[in-house]
Amino acid sequence: MKNTVDEIKNITGKQIKKGIQKTRELKFYLLKFAVRIAIFLGVLFFYIQDRDLMGSLMNQPFWHGFTLIHLIWIIFMGLMFLHLIPNNKLSMAWKKAKETEYRPVENYDELELMKFVQKQNIAAWKVMLVWLCFNAVWGMLYLFGILNSSDLLMLTVFYFLSDYICILLFCPFQKIWMKNKCCINCRIYDWGHFMMFTPMLFIKNFYSWSLFFTSLVVLIHWEIVYAKHPERFWEGSNQTLQCRNCKERTCQIKKKLSSGK
């Protein structure tokens with residue numbers, strides 16, 4: 001764990017010398033990224049050591065003793081509940097949906113807002129279609145017995161790590177479909193848990209379905225707020241989302257990497 005954090009610091013240290021501002025939020029994101037790397041490596045080690053044991057633990061009754069699977073489940077469920085209960089500990093990428101964070105732009109163009117919403121909705125559903133088709137492949141391989149529950153759990157933990165790769169380093173959804181400037185402006189920011197736990201849909205047990213259906217609640221909650229208050233999600237109508245008002249600057253490393261400078 002310590003070595004992983006040191007490696008992250010060394011990598012970002014070089015970037016900081018090139019003009020990256022070490023905001024509190026960026027440092028916190030890097031720490032959480034290091035924790036996710038450690039969790040991924042720990043689960044990967046267990047997976048390589050005894051794939052079948054991991055699969056059997058996934059399918060045993062929930063109350064049949066405390067195992068690594070319980071710990072992973074608690075971490076995942078805890079993260080999702082943080083996105084469902086009011087709190088100020090999360091990024092503005094999530095908090096922008098809250099009424100308290102909305103700072104309206106005076107006399108913004110409502111027609112432009114509607115155009116923005118339409119364009120973003122089309123892009124979002126393209127992402128959803130691509131994601132479901134991509135994961136349907138893993139589902140079919142599982143149903144045909146080529147993959148087992150431990151494989152899908154390992155895939156989920158990889159998605160768990162990839163979530164922060166998208167935030168800090170490179171996001172294919174942003175680059176190819178959404179075209180948003182940063183995570184704070186991302187229309188599908190709170191789709192992350194649903195995407196992370198999509199593989200869990202194919203496994204019929206308490207661990208997997210509780211994760212998947214809770215993630216579905218998170219996604220639906222986000223979509224309801226977006227449908228009711230789209231003005232909170234566009235920088236043309238919400239001053240909070242404008243770059244000049246951003247205090248987090250979590251996009252800096254990603255922008256440095258994309259520019260190649």
statement: Among Gly78, Gly65, the single one that is surrounded by fewer than 13 Cβ atoms within 10 Å (Cβ to Cβ), at pLDDT below 95 and small (Gly, Ala, Ser) is Gly65
task: Can you confirm whether region 205-220 contains a residue that is among the hydroxyl-bearing types (Ser, Thr, Tyr), free of Cβ contacts under 8 Å to residues at least 60 places away in the same chain and out of contact with any Cys (no Cβ under 9 Å at 6 or more places or on another chain)?
output: no
- line: region 33-136: helices (runs of 4 or more DSSP H) wholly inside it with 1 or more residues that are within 22 Å of Ile167 (Cα to Cα), in contact (Cβ under 8 Å) with a residue 24 or more places away in the chain and among the hydroxyl-bearing types (Ser, Thr, Tyr) are none
- prompt: Would a scan of region 199-212 turn up a residue that is of a type outside the set (Lys, Arg), crowded, with 18+ Cβ neighbours inside 10 Å and over 23 Å from Gly145 (Cα atoms)?
  reply: no
- line: The one condition Asn185 fails out of (1) modelled with pLDDT of 95 or more; (2) surrounded by fewer than 18 Cβ atoms within 10 Å (Cβ to Cβ) is (2)
statement: Going through (1) part of a helix (DSSP H, G or I); (2) surrounded by fewer than 21 Cβ atoms within 10 Å (Cβ to Cβ); (3) in contact with a helix residue (DSSP H, G or I) (Cβ under 7 Å, 6 or more places away or on another chain); (4) at pLDDT 95 or above one by one, Leu147 fails only at (1)
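For the subset of region 241-261 comprising residues that are part of a helix (DSSP H, G or I) and more than 16 Å from Tyr102 (Cα to Cα), which member is modelled with the lowest pLDDT?
Of everything passing the filter in region 241-261, Ser259 is modelled with the lowest pLDDT.
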- line: Quick count over region 104-117, residues being within 19 Å of Ile184 (Cα to Cα) and either of a type in the set (Val, Ile, Thr) or loosely packed, with under 13 Cβ neighbours inside 10 Å (or both), is 3
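The values are calculated or read from the model by the stated rules, or taken from the named source; none is laboratory data. As the structure is a prediction and not an experimental result, all values here were calculated from the model. All Cβ positions, even for glycine, are placed from backbone atoms using ideal geometry, and neighbour counts span all protein chains on display.
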